[in-house]
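Working notes for the structure below.
All of the numbers you see were taken from the coordinates with simple rules; none came from a lab. A quick note: this is a predicted structure, and the numbers were derived from the prediction, not measured. Ideal geometry is used to build each Cβ from the backbone, glycine not excepted, and the neighbour counts take in all protein chains shown.
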There are 2 protein chains.
Amino acid sequence: MRVARTPARARAIVRAWRAEGDSIGFVPTMGALHAGHRSLLERARRDCDRVVASIFVNPLQFGPREDLARYPRPIGADLAVLRAEKVDLLYVPFERTMYPPGFETRVAVPRTSAPMEGERRPGHFEGVATVVAKLLGAIEPDRLYLGRKDAQQAVVLRRMVADLDCGVRVVVCPTVREPDGLALSSRNAYMTADERAWAPHLYAALREAASRLRARGMSPRAAEAWLRRRLAAGPGRLDYARAVDAETLGPPARGRPILLALAYHLGRVRLIDNVLATERRAKGGARR
Amino acid sequence: MRVARTPARARAIVRAWRAEGDSIGFVPTMGALHAGHRSLLERARRDCDRVVASIFVNPLQFGPREDLARYPRPIGADLAVLRAEKVDLLYVPFERTMYPPGFETRVAVPRTSAPMEGERRPGHFEGVATVVAKLLGAIEPDRLYLGRKDAQQAVVLRRMVADLDCGVRVVVCPTVREPDGLALSSRNAYMTADERAWAPHLYAALREAASRLRARGMSPRAAEAWLRRRLAAGPGRLDYARAVDAETLGPPARGRPILLALAYHLGRVRLIDNVLATERRAKGGARR
């Protein structure tokens, strides 16, 4: 596995591969790699001749009261994962390389960034879009692999990549879960045993809401209210529960996929999760 | 000369050249090509194996009261110029290709966009940065050629290209002028004969202010005031006259290049022009 610490070095390595006709798959991460990341690397390995991963804990996407300082950085374990997954190039830039004095450019995707996570984390998606624009500038991949767990992030980045003519195909891979249904996250390690035992209720509630949307003709608004009621008695605090159009994050259009998404404060962790569903059509129930 | 109307087509053509080892020079334009554009194309022709030009009158960089509708679009004459300059590829996207329904991404370079043109034309540089990010995404050139005439635009784009790791070298070429000193501009055609006869006073005033900065120890602030007085008696209205650090557009640092820039309303035209100068150092006059 080769390692690059500057965009110029990463670009030189990737362009040499491209000159040989190789296709390039790219998996951006903040490290603390788990089976969710591994599933992205494995998909990239199947699709592409060369797999590039990046590790960069991006300060631009953390709010002032968020967990930038204590975000896990197990670089030794991460390197072992990347080697096991046969990654060809790891791009791990220095913070001062990414944001030198005088850095000022921002990439904003204002409409799809606005609801849900965007309401709770001002500036978060601007930080995500800016760093991913930089990473794509350095790597110039053919395909970008993202996890469905961060569903809004995938929508924002798909929009950015199309709008800025990046020429990258965005591949969104299924959320990887523990056997009891909890979505994998680098932040799961912060939970107590009791919190961890309760946490699968979030996915169970999302699945039941999706089933009510599909099978029983429940409206998106009613599904949101149902989720709020269902989770009101839990040990933490529901941040939001939303049913939105899966592509635009706006009001759901009849017959198109709906994203059911929530965020929940459990002890000192904020968990997010989501499922895709399709509302039953009003007349006769046929699906498009 | 080949012509592409979509980013995918342009990218495919350029990548095939790159696979053969060719270097790529890129000259973005809004058409209405004059000798200033030709000087950029000629410089790109000397530096690079392949020259790509674009023509796109970018609605995102025009304000609501600006001249988008009447901006000249002499496509036949432009094609003749591009062929004469041996351009390899013309990228001339449709507006609906550049900004389809749902388009929402913006690239902002807020600090260097703020003064001078940015104060007078809110959103202008955001429109410029966004469209150039798109053009660079489609073309992926090695070098980007810009004219010194739009000095602030060159500073903003140099900053954006560095910040987003575009891997493009920005080459800023000297302003091309009429024999009497007037900077070439597609908008010069809007002037009456009397306005055209007076217009060279702008460049003459800038040159004299630069000479006072260099040779007589005049401060940047005093040079701005001198320009305001000098142009107060003209037939139009001075919009601004500024002496700023040529790289940051902030307060001039002693011994570093200073950009003297102005905008002037003359009849229904708004003219901009600038010169580079270096302030004489306070102690002994030595230059760094």
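How long are the semi-axes of the ellipsoid equivalent to the stretch B:186-288, from square roots of 5 times the Cα gyration tensor eigenvalues, in whole Å, largest first?
Computed over the stretch B:186-288, the values are 28, 13, 10 Å.
What is the log10 of I(q)/I(0) for the stretch A:70-175, computed with the Debye formula using one identical point scatterer on each Cα and no solvent, at q = 0.15 Å⁻¹?
At q = 0.15 Å⁻¹ the computed log10 ratios are -0.77.
Convert each backbone phi in the stretch A:233-247 into a coupling constant with the Karplus relation 6.51 cos²θ - 1.76 cosθ + 1.60 (shift: θ = phi - 60°), then list the ³J(HN,Hα) values in order as whole Hz, x for Gly and Pro.
8, x, x, x, 9, 5, 7, 7, 9, 10, 10, 10, 4, 5, 9
Given +1 on the Cβ of Lys and Arg, -1 on the Cβ of Asp and Glu, and no further charges, what dipole in debye does chain B carry about its Cα centre, rounded to the nearest 20?
840
What's the average, rounded to a whole number, of partner chain beta-carbon atoms within 10 Å of each residue's beta-carbon in B:130-137?
Taking all residues of B:130-137 together, the mean is 4.
Other chains' Cβ within 10 Å of A:151-163 residues: what's the mean?
2
Alpha carbon centre of the stretch A:160-216 versus the stretch A:1-57: separation in Å?
24
Give me the number: length gained by fully extending B:Ala69 to B:His34, i.e. 0.36 nm times residue separation minus the C-alpha to C-alpha distance, one decimal in nm.
10.6 nm
Run through all the Cα pairs of chain A and give the fraction in each 10 Å bin from 0, expressed as whole percent.
Reading upward from the zero bin: 6, 27, 34, 23, 9, 1, 0.
What percent do you get for the relative contact order of the stretch B:2-173 when only Cα pairs under 8 Å and 6+ apart count?
Rounded, it is 30 percent for the stretch B:2-173.
Helix A:75-84 sits at what angle to the longest principal axis of chain A, using alpha carbons and giving 0 to 90 degrees rounded to 10?
90
Just to confirm the numbers: B:Pro64, label point 7 angstrom along the Cα-Cβ line, distances to the other copies in nm, shortest first?
So the label point of B:Pro64 gives 3.3 nm to the other copies.
What are the label-to-label distances in nm, one decimal and shortest first, from A:Ala253 to the same spot in the other copies, with labels 7 Å along Cα to Cβ?
Once sorted, the set of distances for A:Ala253 reads 5.2 nm.
At R0 = 25 Å, how high is the FRET efficiency between A:Glu178 and A:Ala77 if r is their beta carbon distance? Nearest 0.05 is fine.
Efficiency computed from Cβ-Cβ geometry: 0.85.
Kindly work out what percent of the DSSP beta bridges joining two residues of the protein assembly as shown are antiparallel, to the nearest 5.
Approximately 50 percent, going by the DSSP bridge assignments.
To the nearest 10 degrees, how steep is helix B:7-19 against the longest Cα principal axis of chain B, on a 0 to 90 scale?
Approximately 90 degrees, to the nearest ten.
Going by alpha carbons, how many degrees (0 to 90, nearest 10) lie between the helix axis of B:35-47 and the longest principal axis of chain B?
60
Taking beta carbons within 10 Å but only from partner chains, what does the mean come to for residues A:105-115?
Counting other chains' Cβ atoms within 10 Å and averaging over A:105-115 gives 5.
Would you mind listing how long the stretch A:144-197 runs along its three principal axes, going by Cα atoms, in whole Å with the largest first?
Principal-axis extents of the stretch A:144-197 (Cα, largest first): 47, 18, 12 Å.
With a cut-off of 8 Å between alpha carbons and a minimum separation of six or more residues, what is the relative contact order of chain B in percent?
RCO, chain B: 16 percent.
How many nanometers, to one decimal and shortest first, lie between the label point of A:Pro122 and those of its other copies, if labels sit 7 Å from Cα toward Cβ?
Output for A:Pro122: 1.9 nm, nearest copy listed first.
Looking at the stretch B:1-158, what % of the alpha carbon pairs are farther apart than 27 Å?
21
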